[in-house]
Amino acid sequence: MCGIVAYIGYREACPIILKGLHRLEYRGYDSAGVALLNNGELSVYKKKGKVAELEKFIAEKDTLANIGMGHTRWATHGEPNDANAHPHYSTSERIAIIHNGIIENYAALKEHLQQQGHVFHSDTDTEVFVNLIEEIQKKNQCSLEQAVRLALHEVVGAYAIVVLSKDNPGQLIAARKGSPLVVGIGENEFFLASDATPIIEYTSDVVYVNDYELVVIKDGEMDLRSREDVKQTPYIQKLELELDRIEKGGYEHFMLKEIFEQPRSILDSMRGRLELEAGHLNMGGVRAYERKFVNADRILIVACGTSWHAGLVAEYLLEDLARVPVEVEYASEFRYRNPVITERDIVIAISQSGETADTLAALELAKSRGATIFGICNVVGSSIARATDAALTPTPAPKLVWPRPKPLRPR
Ligand code: GLU
C-alpha cells in the first residue's frame, strides 16, 4: 500500500511532507517523490528507492513552498524507477498528480489522449489520469475542479488522488474512490494523507473522505462535494492515535518493534474488556449483533498478509471454543470469485490499518449479500471500522455480558 501526504498552509510544506512520507514507510513502497507549488512554479522531484534517497536528491534544490504533496509508490503499472515514480506532470507540465490505486481503463484512455497530442514519459496508469484532466480542462475551458470532477466520471478503478496546478497557485484538490484519504484540519492549514499517521502531530481534527467525494482546499477553507457536485457536510472526528505507537521507538525495523510489542498489544487489547473475576467479556460494538453471532451458520474470516495468518489462528480457536465452522479466505481471491454467502453468515474482516483495499472490497461484497460484518482493526475511524456492522478497534467499549445467551434455535 503506497502513501500520500499533502500540505497547504502557512508553514514550509516540504519538511512536513518528507516527515509524513517517513511515517507512511511502514506501508511499503519502491520510490518516492514530491511536488511543490511556489510563486506559480510547480516543481516535481522524484527518486527510485527510499525516502532518504529523495531527501539526498532534493537537499540542494530550492524547496521553499507552502503548498505541496508527496507520494510513496508501490508499482502496479510500470517498473519501479525514477520516471514511473510519482508525482506525474501533465503534458504541459502545468498540472501534477499523485495517485494511490489502479486505473483499469488506462490503456483505452491513453490511446485516445495520445491521439489528442499528449506525450507520456512513464508506463503508469497515473500519468493517463493527469493528462485526462488536462485534456478535459482544455476542451471544456472549465475550472481545474470541474475538470477533475469530469475526469472522475471517465476513470474506472480505484484511486486516492491529489492534484496541484500552477494556474491555481493557492489550491489543492483531492478525491477518493476505493483508496483511503484523510484530511487533517489545523488552524489556517490543512493536511491530506492516506492514513492519519502523518497528521497526528499537527492536529487531531480529521475528516475521512468517502468514496466519490472531492475535496477542494483554498483560501483557508475546505469544500467537500460529491462527484455530482453536491455539497457535503464534512464529519469532523477526533483522532485517538498515540504518536509513539506509530514510530519505531528505538527498534531498527517496524517488524522487530511489532514482535517485541506483542505482549503489550495483547494486554492492551484485553484491557477494559476482560473482567476475569466476574467472568465477563465486554465488547460493546458487538452487543447489538449478539444473537446473530450465536446463531451463525458459519464464520468467514477475510484478510490479507499477516492478518490472514492471524485469521488462521482464529479459525482454530473459534472452532474449538464456539463449535462454529470457520473458513479463512484471502480477501484478494474472495472478491474476484463468486463466493457463497448467506444472511446467516458472519464475516470477520481483519486489517491492521483498517484500510486494506482488498479486504474492504471483500467485506463490501459480503455486505451486499446480506452477511453480518464484523471488523477487527487498529485504527478507529478507518474505512473498515466505518464499513462494518460492528467493529473491534482499540477503544474500550461498553459492556457485553459473557457467557453468551442461549441460541435461538437448536444447532
Ligand atoms: N498505479 C499507480 C502506479 O503504478 C499507483 C500505484 C500506487 O498505488 O502506488 O504508479
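The values are calculated or read from the model by the stated rules, or taken from the named source; none is laboratory data. Keep in mind that this is a model prediction, so the values were computed, not measured. Neighbour counts run over all protein chains shown; Cβ positions are idealised from the backbone, glycine included. For accessibility, only protein heavy atoms count, side chains too; no ligands or nucleic acids. Shrake-Rupley method; radii C 1.70, N 1.55, O 1.52, S 1.80 Å.
Considering only region 244-327, give the helices (runs of 4 or more DSSP H) lying wholly within it that have at least 1 residues that are at pLDDT 90 or above. Walk me through it before giving the result.
Values: elements: 254-260, 262-270, 290-294, 305-322.
Ranges flagged: 305-322.
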Testing ALA158 on (1) modelled with pLDDT of 95 or more; (2) within 15 Å of the ligand (Cβ to nearest atom), one condition comes back false. Which one is that?
(1)
Pairs only if they're at least six apart or on different chains, beta carbon under 6 angstrom, first in region 379-396 and closer than 13 Å to ALA349 by Cα, second outside any loop (DSSP other than H, G, I, E, B) and at pLDDT below 70; list them, first residue then second.
ALA385/ALA391
List the number of the failed condition for VAL294; all other conditions in (1) in contact (Cβ under 8 Å) with a residue 12 or more places away in the chain; (2) within 29 Å of LYS177 (Cβ to Cβ); (3) open to solvent by less than 40 Å² (accessible area, probe 1.4 Å) hold.
(2)
In region 133-142, is there at least one residue being under 24 Å from PRO180 (Cα atoms) and either in contact (Cβ under 8 Å) with a residue 60 or more places away in the chain or near the ligand (Cβ under 10 Å from one of its atoms) (or both)?
no
Subset of region 85-101, residues away from the ligand (no atom under 15 Å from the Cβ) and on the phi < 0 side of the Ramachandran plot, comes to SER90, THR91, SER92, ARG94, ILE95
Mind checking which residues of region 1-28 are of a type in the set (Gly, Ala, Ser) and either touching a Lys or Arg at 6+ places or on another chain (Cβ under 6 Å) or within 16 Å of the ligand (Cβ to nearest atom) (or both)?
GLY3, ALA6, GLY20, GLY28
Test LYS50 against the criterion of being within 14 Å of the ligand (Cβ to nearest atom), more than 18 Å from the chain's Cα centre (by Cα) and under 21 Å from THR124 (Cβ atoms), and give yes or no.
no
Breaking point among (1) farther than 22 Å from GLU154 by Cα; (2) free of Cβ contacts under 8 Å to residues at least 12 places away in the same chain, for GLU201:
(2)
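Could you list, in sequence order, all residues of region 63-77 that are open to solvent by 50 Å² or more (accessible area, probe 1.4 Å) and more than 11 Å from the ligand (Cβ to nearest atom)?
Taking region 63-77 first, the residues open to solvent by 50 Å² or more (accessible area, probe 1.4 Å) are 64, 66, 74, 76.
LEU64, ASN66 - these are the residues of region 63-77 that are open to solvent by 50 Å² or more (accessible area, probe 1.4 Å) and more than 11 Å from the ligand (Cβ to nearest atom).
Yes/no per residue for (1) at positive phi; (2) surrounded by fewer than 17 Cβ atoms within 10 Å (Cβ to Cβ); (3) of a type in the set (S, T, N, Q):
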| residue | (1), (2), (3) |
| --- | --- |
| PRO180 | no, no, no |
| ILE185 | no, no, no |
| ASN188 | yes, yes, yes |
| ASP219 | yes, yes, no |
| LEU224 | no, no, no |
Sole residue being under 20 Å from the mean Cα position of the chain (by Cα) and at pLDDT below 75, chosen from ALA357, ALA361, ALA391
ALA391
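Residues checked against (1) within 13 Å of the ligand (Cβ to nearest atom); (2) surrounded by 15 or more Cβ atoms within 10 Å (Cβ to Cβ):
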| position | (1), (2) |
| --- | --- |
| ASP30 | yes, yes |
| GLY40 | no, no |
| VAL44 | no, yes |
| GLU79 | yes, no |
| ALA83 | yes, yes |
| GLN114 | no, no |
Pairs needed: first member in region 76-87, under 14 Å from LYS50 (Cβ atoms); second member anywhere, more than 6 Å from the ligand (Cβ to nearest atom) and part of a loop (DSSP other than H, G, I, E, B); C-beta distance under 8 Å; at least 6 residues apart or different chains.
PRO80/ASP30
Candidates VAL5, VAL51 - the one that is within 22 Å of GLY178 (Cβ to Cβ) and at pLDDT 95 or above:
VAL5
Residue under question is SER383, and the condition is that it be open to solvent by less than 60 Å² (accessible area, probe 1.4 Å), within 26 Å of SER204 (Cα to Cα) and either modelled with pLDDT of 90 or more or aromatic (Phe, Trp, Tyr) (or both); does it hold?
no
Filter region 87-129 down to the residues that are closer than 22 Å to SER31 by Cβ and among the polar types (S, T, N, Q) and list them by number.
SER90, THR91, ASN100, SER122, THR124, THR126
Might you let me know whether region 346-359 holds any residue that is among the β-branched types (Val, Ile, Thr), part of a helix (DSSP H, G or I), buried (at least 18 other Cβ atoms within 10 Å of the Cβ) and touching a Cys at 6+ places or on another chain (Cβ under 8 Å)?
yes
Tell me which residues, restricted to region 116-127, are away from the ligand (no atom under 16 Å from the Cβ) and of a type in the set (Val, Ile, Thr).
VAL119
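Checking the structure you have, find out if any residue of region 87-95 is open to solvent by 10 Å² or more (accessible area, probe 1.4 Å), within 24 Å of the chain's Cα centre (by Cα) and over 22 Å from SER226 (Cα atoms). Working first, answer last.
Just the residues of region 87-95 that are open to solvent by 10 Å² or more (accessible area, probe 1.4 Å), to begin with: 89, 91-94.
If we keep only those that are within 24 Å of the chain's Cα centre (by Cα) as well, we get 89.
The next check asks that each one be over 22 Å from SER226 (Cα atoms); those that pass are 89.
Checked region 87-95: at least one residue is open to solvent by 10 Å² or more (accessible area, probe 1.4 Å), within 24 Å of the chain's Cα centre (by Cα) and over 22 Å from SER226 (Cα atoms).
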